[in-house]
Amino acid sequence: MKKLLLLTLTTFLFAQSPLLDGLERGLAEEQRDACALAKAEAKSKYDVKDMDVGCLCEKSDSREWRCFVKFQYLPKGKSE
């Protein structure tokens, strides 16, 4: 029993770094997808003239992504 506990503990400690790296990569991929979705939605609703390359995304308490994209626009259907 002691060997099993020691083996489990050492496995968890040594696997922690790759596990965290994998979680961070997954989180970054979700954030990138959320940012792309926010940009696409902004482009569909507005006549976007200029848009920042990145966006600020954060995960809310309800585990939903909220992204803030900075862009200059005109309402759809209006022209200068």
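Using the Karplus equation 6.51 cos²θ - 1.76 cosθ + 1.60 (θ = phi - 60°), what ³J(HN,Hα) coupling, rounded to whole Hz, does each residue of the range 23-40 give in order, writing x for Gly and Pro?
Working through the residues one at a time gives 5, 5, 5, x, 5, 5, 5, 4, 5, 5, 5, 5, 5, 5, 5, 5, 5, 5 Hz.
Using amide H atoms built 1.01 Å from N in the peptide plane, name the residues 5+ places from Y73, or on other chains, whose amide H lies under 5 Å from its own.
Close amide H contacts, sequence-distant or interchain: K49.
Using a 7 Å offset from the Cα along the Cα-to-Cβ direction at both F68 and M51, what is the distance between the two label points in nm, to one decimal?
1.8 nm
If amide hydrogens are placed 1.01 Å from N in the peptide plane, which non-local residues have theirs closer than 5 Å to the one on C57?
Excluding prolines and chain starts, which carry no amide H, the hits are F68.
When the chain is fully extended, how far beyond the present Cα-Cα distance does K3 get from E29, taking 0.36 nm per residue of separation?
Extra length available between K3 and E29 comes to 5.6 nm.
No lab work stands behind these numbers, since they all come straight from the coordinates. What you see is a predicted model, and the numbers here were worked out from it, not measured in a lab. Glycine also receives a Cβ, built like all others from the backbone with ideal geometry; neighbour counts cover every protein chain displayed.
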